[in-house]
Each structure stands twice: as structure tokens, then as C-alpha cells.
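Taken together, the values in this text are just the output of simple stated rules run on the coordinates, not laboratory data. All of these numbers come straight from a predicted model, not from anything done at the bench. Cβ placement follows ideal geometry from the backbone for every residue including glycine, while neighbour counts extend to all protein chains displayed.
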Amino acid sequence: MTETPDKQANMQWGGRFAGGPSAIMQDINASIGFDRKLWRQDIRGSRAHAAMLATIGLLSPEDEHAIASGLEGIAAEIEAGTFAFDTALEDIHMNIEARLTDRIGEAGKRLHTARSRNDQVATDFRLWVRDAIDGLTAQIGDVMLALAQKGAHHAADPMPGFTHLQTAQPVTFGHHMLAYVEMLDRDRGRLADCRRRLNFSPLGSAALAGTSFPIDRHMTAAALGFEGPTANSLDAVSDRDFALEFLSAAAISAMHLSRLAEEIVIWCSAPYRFIRLSDAFTTGSSIMPQKRNPDAAELVRAKTGRVTGALVALLTVMKGLPLAYAKDMQEDKEPVFDAAEAWALSLAATAGMVRDMVPNTDRMRDFAGSGFATATDLADWLVRVLRLPFRSAHHVTGRLVATAEAKGVDLADLSLEEMQSVEPGITAGVFSVLSVEASVASRTSYGGTSPKNVLEQAEHWLTVLA
Ligand code: ARG
């Protein structure tokens, strides 16, 4: 193992350490490579903490002022890219604190009174996840809006509805778009739930036991936009369930996006051609000039893997950890950062694709009528008009489908005589329900696919999302 004897003992906790860490120790221990993302939250938390310390008389007004302007200066340095992040200082908390002391001297050393990195990181991370939730919630809303607009525009355009990816019954393209609006609305709801439970401040829980200083945790909580302080210091520094809830919401939403992405891939494949994506969301092939590949959709579909992986990774890190803080928990950040980025990108790509896609309504309408898609309408007609029990109607319809299939025609192409040879009671009125348009128009039950329902729902969403 390589020792680095020339390394100074860590300036923040080096009091009882004579030598510095080995290079490997430093590498495995340092989180600055990724937790620098927390710098804004760290500075926010420190400013709130310093203001509180000044209010209770633990910091002089001059020191508090020096800290506040020092932190502001550091924020400017980081923003400008001139801040020198140092691996030897381990993480974002110590990098910022060390720089503060560089800039303002003694006062900087007073900032860490009545807090620990354990409550500091728990606070910073909650603030980061909360900011991510707010950004992602807005992005989900935008995808919903894009879908609702498409839905409103195509409220009456029929397409084949599938079960088992086999043609089942005609639906409208608008209805299909709005199905995803519902899913994404629940995704938003999961984020809102997560935010509500997350929004309590760990700051002032200190290392694990609280502190003997007369701090005002309500004050820092309010300054940071939290609902209040967390109630148990051990819990506050040692749970990451808020990050896990965020990741499960992410995994479920990424799963939803992957289903739409998969449909987009299918719909723009050559045998389907239900939609067309422009050059903006496709790529060409270097060898096959005819190709137009839906790479964005494929990548949205694929990113689900890393988002789900992040959830499993953090669950595994947290599983079996004894209270309170353990360094294992430093591994909480990368999965969350990575999943949040993948999710945000997937949402942006999905919004883009939905706005970009042009449905081939004629082709979808043709396919909506193929594959005996209106067989259920025929069975329902037999029940409604001839008063057959549904099971008998199902049987009669099955025989008519077999007849049509043997002739290689659709149900609507059978003659009345052919129909009557199976069920003598059938009248010419049956043909009125065999068209795709009649089929979708008849699905007026609440939540059904009739164009009237779909337009109402689309308009409802457009108002909600406006
Ligand atoms: N970088 C650390 C983390 O992300 C900060 C907390 C360190 N606490 C400690 N007791 N070593 O978890």
C-alpha cells in the first residue's frame, strides 16, 4: 500500500491524527468528485445555520456577516469555475468550510459549532432531492401537456386497441395519449408525497445525539423552507428513505416512459407506420440509406434500466445498516444524481417526441377495422337487439368470425344471408355497429374511448395543465 507521509493530517479533524491517509484511503473516502453537486444546498444550509447561531448569541454579528459574505464569495467562485476542489478535503462540506476559513480567518472556524457533517449532509441532500422533485414535477407536467394536446387533436381518430399485442377493439389515438397522462399524473403524485414526507430539517441533529448548545432548529428549518425540524436526531442523520422514495417514484415513472417509448418504436417501424418521427428525433443508418431509427425512444426505454438499478443499489446500501450514520451512506448520492439526470433527460426526450410525432390517421383507421376488431360490437348488438344471453352472443359471433376468416373478408363484408345462416334473427341493422367509427362512438361508459369522452377528458387536462 502506498503511504503518503508528506500528506498533512486532515485540517478539519486532524487533531488526533499524526499522519495523513494513504492514497488509497483518500480515494475510497473522498466524495468530492460527485458531492460537489450539493454546493448550493451546502451554502444555503450554512447561511441558515450561521444566522441562527448569531440570533442565539453564539456568533457575533461581525462573524456572522463575515461568514455570509464569505459564503457568497465562494458561491461566486464555484459558479465561475475558479474554485479549487481538493480531494484531500474529502467532501463538499469540508471543501467549502476550508475555503471559508482561507477567506475570512477565525470566523470561518466558528461555523461548525453545534452541527456535524452528519446532519449537514442529511440536510443538503434533502434540499437537493427537494429541488430535483420540483424540477421533475414541472417536466412531467410538460409531457402531460404535450400528450393532452395530441389527445385533444386526435380525440376522434380511431386506431386498433390491443391486448396481448393482438388487435382487440378500436380505440381512439387521443384515448391512447390520455392513458399516459393519467400514469404521469400519478407519477407526479408520488413525487408530491415524497416531498411532503421529506420536508423536515435534520439540521441541528448534529452527529447523532443532538447538541448541548441552545440552538433554534425551528428557525433553521423555516429559513430552509422546511415544514419543521425532524423529531429524532438518530433517525434524522441515519435514514435515507426520502431518497429511496424518490428513486421508487423515478423507477415507476421511468417504467411508464419506457412503455410509451416501446410503443413509439413499434408504431414507427416499417410494418406498422402508425406514426412518423421527424429528423429531430431519429437517426439514419451509416449503411442502410432507407433507415430512420427511433434512437431517442430506444434510449428512453433503456434508461429505465439504470433508474431501476439506482433504486436497487441504494436499497442494498441501506439494508442492515445499524443506527446511526455510517460511511456506507456516502454511497447514497451517485444513484440519486444519476437517476435524476436519466429521468429528466427521458422526460425531455418524451415531450419532444410526443410533440414531434405525426400520426398516420388513415393507416391507423384501416388497421382499427382489421382483425375482426368490431366482433365485440356484434356480440353486444345480439344482446341488445335480439336479447341473446351474452355467452350465446359470444358463440354466434365466434362462428361469424370463423365464416369471415374462411372467406378472407371482414365481418362487415359478410352478406345478411351469410349472417342469418348462423343466427336467423339477425337483421340489416347489424351493419350499423360494424364500422370502426360506430364502435368507438358507442363506448360512452365513463372512462371509455368514445370521441366525446376523450375530447372532454383532453379539455379537462388542458385546463388543469394550463
Ligand atoms: N461525505 C459524507 C457523506 O456523504 C459526509 C458525512 C461524513 N460524516 C462522517 N461522520 N464521516 O456521507
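The Stokes-Einstein estimate for region 160-307, based on a Kirkwood radius over Cα pairs and taken at 10 °C with 1.306 mPa s viscosity, is a diffusion coefficient of 82 µm²/s. Name the shape class, rounded, prolate or oblate, that the alpha-carbon gyration tensor gives for region 49-122, where a ≥ b ≥ c are the square roots of its eigenvalues, rounded holds for a/c under 1.5, and otherwise prolate holds if a/b is larger than b/c and oblate otherwise. Oblate.
The chymotrypsin sites (Phe, Trp or Tyr not before Pro) of region 247-333 include none that meets both criteria, a DSSP state outside H, G, I, E and B (loop) and at most 12 other C-beta atoms within 10 angstrom of the site's C-beta.
Computed about its Cα centre, the charge dipole of region 98-179 is approximately 480 debye, with only Lys, Arg, Asp and Glu carrying charge at their Cβ. Coupling constants for region 283-292 follow from the phi torsions by the Karplus curve (6.51 cos²θ - 1.76 cosθ + 1.60, θ = phi - 60°), and in residue order they are 10, x, 9, 6, 10, 10, x, 7, 6, 9 Hz; glycine and proline get x. Each helix, a run of at least 4 DSSP H residues, gives -39500 (n - 2.57); summed and divided by the residues of the chain, these come to -20000 deg cm²/dmol at 222 nm. When the charge dipole of the chain is built from unit charges on Cβ atoms (+1 for Lys and Arg, -1 for Asp and Glu) and taken about the Cα centre, the candidate among Leu147, Phe173, Cys194 whose Cα reaches farthest toward its positive end is Phe173. In this Cβ point-charge picture (+1 for Lys and Arg, -1 for Asp and Glu), region 189-256 has a dipole of about 140 debye about its Cα centre.
Comparing Val430, Ala107, Asn29 along the charge dipole axis of the chain, the residue lying farthest to the positive side is Val430, per the Cβ-charge model. Amide H to amide H, with H built 1.01 Å from N, Ile275 comes under 5 Å of Cys268, Asn360, counting only residues 5 or more places away or on other chains. For region 277-407, pairs of C-alpha atoms spaced more than 22 angstrom apart make up 67 percent of the total.
Comparing Met94, Gly305, Ile275 along the charge dipole axis of the chain, the residue lying farthest to the positive side is Ile275, per the Cβ-charge model. One quarter of the convex hull surface built on the alpha carbon atoms of region 337-466 amounts to 11.8 nm², the projected area averaged over directions.
Each Lys and Arg contributes +1 and each Asp and Glu -1, all at the Cβ; summed about the Cα centre of the chain, the dipole is approximately 620 debye.
Of all complete DSSP H helices in the chain, those with a Cα span along the helix axis of 15 Å or greater and a mean Kyte-Doolittle hydropathy of -1.0 or more are 39-55, 61-80, 92-104, 117-153, 173-198, 241-267, 295-318, 333-356, 375-386, 390-407, 451-465.
In terms of its alpha-carbon gyration tensor, the chain comes out prolate; a/c meets the 1.5 threshold, and the first ratio a/b outweighs b/c. On a C-alpha basis, how far is the centre of region 243-308 from the centre of region 71-99 in Å? Whole number, if you could? Their Cα centres are 39 Å away from one another.
Less than 5 angstrom separates the built amide H of Met159 from those of Val171, Thr172, Phe173, all sequence-distant by 5 or more or on a different chain.
The amide H of Ser31, built 1.01 Å from its N in the peptide plane, has Asp91 as neighbours under 5 Å, considering only residues 5 or more places off or on other chains.
Beta-bridge orientation, the chain: approximately 80 percent antiparallel, per DSSP, counting only bridges with both partners inside.
Taking square-rooted eigenvalues a ≥ b ≥ c of the alpha carbon gyration tensor, is region 261-300 rounded, prolate or oblate, where a/c under 1.5 means rounded and, failing that, a/b exceeding b/c means prolate? The shape class here is oblate.
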